[in-house]
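Single-structure report; data block below.
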Amino acid sequence: LALLVGLTIYTASFIAEIVRGGILAVSHGQTEAAYAVGLRPSQTLRLVVIPQSLRIIVPPMTSQYLNVVKNTTLVSAIAYPDLYSIIGTSLNQTGRPVENIAIMMAFFLTISILISLFMNWYNKRIALVER
């Protein structure tokens, strides 16, 4: 439980800083322009600031998501007990540690690649398109 709480607080602080930095990176002139056309502060945040800040937030957030996957190896007893018990059983029965570690590495590599592919797709989707 201590590892889970520690990892959650650690990751949440990085994600909060990424989001804060992304929102502050949007020019103050954008919010002033939104107020000038009559948008309320909540509408300004939802329609102007957040869409522009997502372009700034997504790349470092991708790295943070990948770090979360890698850091969960510290809490293997909580996060992936089935994988580790299967690897442990296989290691005891076959006596081949290199192959078992390769299987575990392939599992984490697959998760990391899937997260990276999804976040790259999302980043391309929200990117500015020049005409």
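The values are calculated or read from the model by the stated rules, or taken from the named source; none is laboratory data. On a predicted model such as this, the values are computed, not experimentally measured, just so you know. Here the Cβ positions follow ideal geometry from the backbone for every residue, glycine too, while neighbour counts run over all protein chains shown. Just the protein is used for accessible areas: all its heavy atoms, side chains included, with ligands, DNA and RNA removed. Shrake-Rupley method; radii C 1.70, N 1.55, O 1.52, S 1.80 Å.
Observations, loosely collected:
- Count of residues meeting criterion [open to solvent by less than 100 Å² (accessible area, probe 1.4 Å) and under 19 Å from P51 (Cα atoms)] in the range 82-131: 6
- Pair list, Cβ < 6 Å and 6+ apart or interchain, from the range 52-70 residues that are under 13 Å from V19 (Cα atoms) and in contact (Cβ under 8 Å) with a residue 24 or more places away in the chain to residues that are surrounded by fewer than 18 Cβ atoms within 10 Å (Cβ to Cβ) and among the small types (G, A, S): I56/A25
- Qualifying residue in the range 10-19 (condition: at pLDDT below 90, among the β-branched types (V, I, T), open to solvent by less than 40 Å² (accessible area, probe 1.4 Å) and closer than 23 Å to F118 by Cα): no
- Matching residues, the range 22-60, being open to solvent by less than 30 Å² (accessible area, probe 1.4 Å), part of a helix (DSSP H, G or I) and within 24 Å of K124 (Cβ to Cβ): G22, V48, V49, S53, I57, V58
- Of all residues in the range 110-131, those satisfying the criterion of being touching a residue at least 60 places away in the same chain (Cβ under 8 Å) and out of contact with any Phe, Trp or Tyr (no Cβ under 7 Å at 6 or more places or on another chain) are Y122, N123, I126, A127, L128.
- Hey, G6 out of contact with any helix residue (DSSP H, G or I) (no Cβ under 7 Å at 6 or more places or on another chain), over 30 Å from T73 (Cβ atoms) and either in a helix (DSSP H, G or I) or open to solvent by less than 60 Å² (accessible area, probe 1.4 Å) (or both) or not: no
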